[in-house]
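Have a look at the structure below before the remarks.
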Amino acid sequence: MIILLLVLVLVLFGFGFVNPIWWMAAAIVVYGVFHYGRGGGGAGGRGGYSDYREYRDRRDRQDRWDRRYSRQRRGRWGRQDRRDDEHQV
């Protein structure tokens, strides 16, 4: 995909020697690539709603993980505490 964009920019730049409007078109393509990103993974486009949604999903998964395993650990600690109390008596 990036090779196609590079070829497109080079062709538009080459046409710019015939008519300068093509240089404008090449600049617009380059701006679009860097501003909006290449499928969300480019240099631009950061800080948008999709980034927030990814952050929220990651945070929710981490919270579920913490709740799940903290309950298991609490139960295990409680059992160990009861066993320790039984052995001390």
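Assorted remarks:
- Note on the chain: enclosed helices (runs of 4 or more DSSP H) holding 2 or more residues that are in contact with a Lys or Arg (Cβ under 8 Å, 6 or more places away or on another chain) and modelled with pLDDT under 90 are 2-15.
- Scanning the stretch 5-18 for residues that are within 17 Å of Y31 (Cβ to Cβ), open to solvent by 80 Å² or more (accessible area, probe 1.4 Å) and aliphatic (A, V, I, L, M) yields L6, L10.
The values are calculated or read from the model by the stated rules, or taken from the named source; none is laboratory data. The shown structure was predicted, so the numbers you read here are calculated from the model rather than taken from an experiment. When we count neighbours, we look across all protein chains shown, and the Cβ atoms used for this are built from the backbone with ideal geometry, even at glycine. Accessible surface areas use protein heavy atoms only, side chains included; no ligands, DNA or RNA. Shrake-Rupley method; radii C 1.70, N 1.55, O 1.52, S 1.80 Å.
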